[in-house]
Amino acid sequence: MNQTHIQRISNELNLQTRQVAAAAALLAEGGTVPFISRYRKEATGSLDEVAITAIRDRLEQLDELDKRRDAILKSLDERQLLTDDLKAKIDHAETLAVLEDIYLPFRPKRRTRATIAKEKGLEPLADLLWTQDPAVNPAAQAAHFVNAEKGVADPQEALAGARDIIAERVNEDADARAQMRDLFAEKGLIKSKLIAGKEQEGAKFKDYFDWSEPIATAPSHRVLAMRRGENEKVLTLRIEPPEEDALPLLEKRFVKNPSPAGQQVRLAVHDAYKRLLSLSMETEIRLDSKRRSDEAAIAVFAQNLRELLLAPPLGQKRVMGIDPGFRTGCKVVCLDAQGKLLHDDVVFPTGSAHQTELAGHTLLALAQRFDIQAVAIGNGTASRETENFVRSLGLPPAIAVVMVSESGASVYSASETARDEFPDHDVTVRGAVSIARRLVDPLAELVKIDPKSIGVGQYQHDVDQTALRKSLDDTVVSCVNSVGVEVNTASKQLLTYVSGLGPTLAENIVAYRNEHGPFPSRRALLDVPRLGPKAFEQAAGFLRVRDAQNPLDASAVHPESYSVVDAMAADLGCRVADLIRDEQIRRKIDVHRYVTDTVGLPTLTDILAELAKPGRDPRQQFEAFQFAEGVEKLQDVQPGMKLPGIVTNVTAFGAFVDIGVHQDGLVHISQLADRFVKDPNDVVKVQQRVLVTVLEVDLERKRIALSLKSDPDAAPARNEKTRDEKPRQRRDQPRPAQPKPQAGGWFSDALAKARQTDKRR
């Protein structure tokens, strides 16, 4: 373990050295972030997932820095360029930029203007000018270097070559580069301009046709938008400070006096900045601003994904899933309480009178036949029409009718995962199943879909894809392990994200379960091929075995702590089940009696909390939601309306809200609250229910402006002018066809009502 790194991270993150060292050691041993944060609190001083993840990522960064440092030292040593002074500088370089600056003069390079000048024998002239001796006559000295054979035709050509050599020295000066780097970071302006003739093609970038702002404060979404415009060859993009700020700094550093030789150095300095240094610094600041913008965008994506994954589940209910559509009808599936597909069908509630009547009969019959407890309707094309139709059928009040986001359902339906689950059904059936399961357990279903396809990102295709994948995987892992997984019903996709497992062990668990039946206990997992003690240690606490002989197997109490709970029960003369059932007995527990070298108060506190609510789900209670009646399409929306909605995406510039018209509206950051809002995530979250006021409706561009302010007409708070993003559109999906019904009880009453409705039509 590198103690220097430990100390550095400790200082950077404001953590105790022992905490960082403990986390680093556990990570090095193969510990996962969820496991360390949940079950090794005594070792880390109760560090949470955020802190442990930061330690892990910083260790990786410093390791990469060390690898580059070693590569540079090896290269210099092999070329016999390594001195003690140079090695000391390299060893003490704390960032990659500083390290590369030190290495730059020694880096093997292609032929440059400076190397060509050196080949012509002009380096002594450059050295002479570099001294800036007032007695030196540059023209006279340059005459000595005129050599037709070497390509130096006259003194002016000799001086130009000498200046090329000096310019390269200026460019490679580590201190000068550090100074310019700070200047570009502090005073650099990002400027975008339209490429001539691209007005129409690049209309979506019109806000940036002539735009300039400090790069230090430019929001991530604007930086990414401008970069996208550049990539699509609509915009040109530059990042640079005012030249009048840069050149005086360099002159002060390198120009000693106004002598003729000093003037030659001054010319070389100007050339170095314009031709070499500014371009190099611009590249660096571009990369740095891109990295920062990526980090901000990825953080937004990860936060949105977390809220979506942890959306309240309906729980194990018998559900009818409906994927709506006009032309091809609505695909209908019925699932049992475990999410197993029992039946699929197609109805046409928006077709002819005969088709509509038949659709009503079919849905009522299926609801009765499969004892349906809830109806999940995808929120795509024809969703509101389908919802109104279902609500008109007279289903029992106990059957909840819920609109469900279908973002990514088409991706799942065409995936290998879906084909494995439903090899004998087409994509339309799979999509409807996904919609139904999302209502029952959003987390269990959404883990089967690439997070980028779920529709909660911001410029997700423009950011570093490796960093994005890592962050989103971390988010999914965190969510899955915070909720816990029932090992006897979980899919291999869900098990994959359990601490210590991964795809291979997840597949082995499912295969073993299919062959031998449900796991009777956590310990039985050790019989799974390739699931050894280490994997068991990491995973066991996050896996649940309901109805196991040991009630702790259904809780988050780790098997390594079972002996502690057994001791508590023995001391009180009761069973473990009694500790779980009876709060009065639990109150008699003196946790301090059970403190040992390895089990401290943090773990004991967690154990007591778990005994009170074993296997508790941290997600909120499910509440049904309904959009405003009579507002079903864009044309129905009028300024001034107050409408219920669900937040579908949060970005740096505001939040998108679904109000039930197939087109999300935008609540701009300036309209999120009566106060100034810096970060929209401070005000709203994905899946949050809100009441919005309609500000404006643009039918032609299909845009809706919304507000969460108590007084939308009030002057905006001290908020920056942020560019709006285009509302996202929904998709329609082909679906097949055919229906059929039945009868009995409430079904007969509902059927009669449906017939009366048909007659009135």
>> What's the magnitude of the charge dipole for the chain around its Cα centre, counting Lys and Arg as +1 and Asp and Glu as -1 at the beta-carbon? Answer in Debye, nearest 20.
In response: 1440
> Helix-derived [θ] at 222 nm for the chain: sum -39500 (n - 2.57) over DSSP H runs of at least 4, divide by residue count, nearest 500?
Replying inline: -14000 deg cm²/dmol
> Do any of Lys109/Lys150; Lys74/Lys470; Lys331/Lys470; Lys290/Lys678; Lys470/Lys534; Lys74/Lys256 go past 28 Å between their Cα atoms, and which?
Replying inline: Lys74/Lys470; Lys331/Lys470; Lys74/Lys256
> Taking K and R as +1 and D and E as -1, what net charge do the other residues with C-beta under 14 Å from the C-beta of Leu531 add up to?
Replying inline: +3
> Based on the Cβ-Cβ distance of Asn231 and Glu696, what FRET efficiency does E = 1/(1 + (r/R0)^6) give at R0 = 25 Å, to the nearest 0.05?
Replying inline: 0.20
> By how many degrees, 0 to 90 and rounded to 10, does the Cα axis of helix 17-28 deviate from the longest principal axis of the chain?
Replying inline: 70
> Taking only Cα atoms, what is the 0 to 90° angle, nearest 10, from helix 503-516's long axis to the longest principal axis of the chain?
Replying inline: 20
> Between Ala511 and Gln61, how many nm apart are label points set 7 Å from Cα along the C-beta direction?
Replying inline: 4.1
>> Under a crude label model (7 Å from the Cα following the beta-carbon direction), how far is Thr489 from Lys588 in nanometres?
In response: 3.5
> Rounded to whole Å and sorted largest first, what semi-axes of the equivalent ellipsoid does the C-alpha gyration tensor of region 106-165 yield via the square root of 5 times each eigenvalue?
Replying inline: 20, 15, 7
>> So for the chain, averaging the separation of alpha carbon pairs under 8 Å that are six or more residues apart and normalising by length, what relative contact order in percent results?
In response: 12
> Around Gly351, which amide H atoms from residues at least 5 apart in sequence, or from another chain, sit under 5 Å from its own amide H, with H modelled in the peptide plane?
Replying inline: Thr356
> Taking N as the number of residues in region 574-662, what is its alpha-carbon radius of gyration divided by 2.2 N^0.38 Å?
Replying inline: 2.03
> Based on the Kirkwood radius over alpha-carbon pairs, what value in µm²/s does the Stokes-Einstein equation return for the translational diffusion coefficient of region 389-508 at 10 °C and 1.306 mPa s?
Replying inline: 99
> Give or take rounding to whole Å, what are the principal axis extents of the alpha carbon atoms in region 57-193, in descending order?
Replying inline: 58, 46, 31
> When the label point is put 7 Å from the Cα of Glu78 along its Cα-to-beta-carbon vector, which residues of region 92-109 have a backbone N closer than 16 Å?
Replying inline: 106-109
> Between Ala153 and Glu560, 0.36 nm times their residue separation minus their Cα-Cα distance comes to what?
Replying inline: 138.1 nm
> Applying 1/(1 + (r/R0)^6) with R0 = 56 Å to the Cβ-Cβ distance of Asp617 and Arg327, what FRET efficiency is obtained, to the nearest 0.05?
Replying inline: 0.90
> What shape does region 155-224 take by its C-alpha gyration tensor, where a ≥ b ≥ c are the square roots of the eigenvalues and a/c under 1.5 counts as rounded, a/b above b/c as prolate, and the rest as oblate?
Replying inline: oblate
> Put +1 on the Cβ of every Lys and Arg and -1 on every Asp and Glu Cβ in the chain; which of Ile195, Ile72, Ser278 then has its Cα farthest towards the positive end of the dipole?
Replying inline: Ile195
> Which whole-percent values make up P(r) of region 203-318 when all C-alpha to C-alpha distances are grouped in 10 Å steps starting at zero?
Replying inline: 11, 28, 23, 17, 11, 5, 3, 1, 1, 0
>> Starting from 0.36 nm per residue, how many nanometres of slack lie between Asp424 and Lys340 once their C-alpha separation is accounted for?
In response: 28.8 nm
> How far, in nm, would the chain grow between Leu287 and Asp464 when pulled straight, counting 0.36 nm per residue and subtracting the alpha carbon separation?
Replying inline: 62.6 nm
>> Between 0 and 90 degrees, rounded to the nearest ten: what's the tilt of helix 427-440 against the longest Cα principal axis of the chain?
In response: 80
> To the nearest 0.05, how large is the calculated FRET efficiency for Ser392 and Lys678 if R₀ is 60 Å and r is the Cβ-Cβ distance?
Replying inline: 0.85
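Laboratory data are not the source of any read-out in this text; all were calculated from the coordinates shown. Note that this is a predicted model, so its numbers are computed, not measured. Reconstructed Cβ throughout: ideal geometry from the backbone, glycine too, with neighbour counts over all protein chains shown.
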